[in-house]
Amino acid sequence: MANSRFAYVRKYELPDPLLPGVFLLLRIDGHSFHRFSDEHGFDKPNDVRALRLMDQAARQVMEEYPDIVLAFGESDEYSFLLRRQTTLYNRRQAKIVSTLTSYFTSSYVFNWSKYFPDTPLRYPPSFDGRIVVYPTEREVRDYFAWRQADTHINNLYNTVFWALIQKGGETATQAHATLRGTVSSQKHEILFGRFDINYNSIDERFKKGSILVREEVGNSKKEKEKARQTKIELVHCDIIKDTFWNARPALLS
């Protein structure tokens, strides 16, 4: 069949290799997840079951693809950093995006009943994916800082918004109006003054997101160099400051 007269159509399949020597960052986002979360009764403002399910799907992607060294998740999205010199699928953009996104989606569905045993799937969830290339370590760090800052901003807003509805008796329209134009300190004051909620005591998972990092196993430098074994750790910590990166110099090497 390879030499049939129809084989010319393969000439229309254009190569799409990504630049060599740059960092590849794949971000996967839930498609129409506001509707999906409503249809499946997700707790507001945060459903820990749904977040743990996202973490599990992301972990399985990292287990399947060792070239992924770091992942960050919030709400219905996950970002995956591949090592700089990866040759995964010959760095073909469409192949990487389609395969990893579909694997994440199938893992999400496969593990659904584990985290939502009493809630059957009413329809299939879907995720979209995109790859962005970053030239240096600075852009990579700024990317993850941006996502974590976004996590905090969104969670603070949503925490106050749902407190106004669930505890304050406001409608969604009224809650949006109450929050319009408010700054961070005012949102904290609404939470504490009206509902006796200290935002600083809220689970770090909600404020900082989920970080899956590939850590080297071994007590000594010699052991690490000999085995180069790794394990995937889930942490909820600050990824903006230097501390996280200084403790893991190999991530961006």
Quick one: Debye curve from the C-alpha atoms of segment 1-98, no solvent, what's log10 I(q)/I(0) at q = 0.14, 0.17, 0.23 Å⁻¹? -0.69, -0.84, -1.15
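Looking at this model, which pairs from Lys167/Lys241; Lys95/Lys207; Lys114/Lys241; Lys187/Lys207 are more than 23 angstrom apart at the alpha-carbon?
Numbers: Lys167/Lys241 35 Å; Lys95/Lys207 33 Å; Lys114/Lys241 35 Å; Lys187/Lys207 14 Å.
Too far apart for the 23 Å limit: Lys167/Lys241; Lys95/Lys207; Lys114/Lys241.
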Under the Karplus relation 6.51 cos²θ - 1.76 cosθ + 1.60, θ = phi - 60°, what is the ordered set of whole-Hz ³J(HN,Hα) values for segment 158-170, x standing for Gly and Pro? 5, 5, 5, 4, 6, 5, 4, 7, 6, 10, x, x, 7
What is the chain's relative contact order, in percent, from Cα pairs under 8 angstrom and six or more apart in sequence? 23
Cut-off 11 Å, label 7 Å out along Cα→Cβ of Arg194, residues of segment 130-167 by amide N: 160-167
Quote the FRET efficiency, to the nearest 0.05, computed for Ser201 versus Ala177 with a Förster distance R0 of 22 Å and r equal to the Cβ-Cβ distance. 0.20
With 5 Å bins from zero, work out the P(r) of the chain over every alpha carbon pair and list the percent per bin. 1, 5, 11, 14, 15, 15, 12, 10, 7, 4, 2, 1, 1, 0, 0, 0
Residues of segment 103-210: accessible area per residue at 1.4 Å, in Å²? 55
Along Cα→Cβ, 7 Å out, is where each label goes; now give me the distance between the ones at Asp242 and Ser98 in nm to one decimal. 4.5
Segment Ala145-Tyr123, length gained on full extension (0.36 nm per residue, minus Cα span): 4.5 nm
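The values are calculated or read from the model by the stated rules, or taken from the named source; none is laboratory data. Keep in mind the model is a prediction, meaning the values are calculated, not measured. Positions of Cβ are generated from backbone atoms using ideal geometry, with glycine treated the same way; all protein chains shown enter the neighbour counts. With ligands, DNA and RNA removed, areas are computed over all heavy atoms of the protein, side chains included. Shrake-Rupley method; radii C 1.70, N 1.55, O 1.52, S 1.80 Å.
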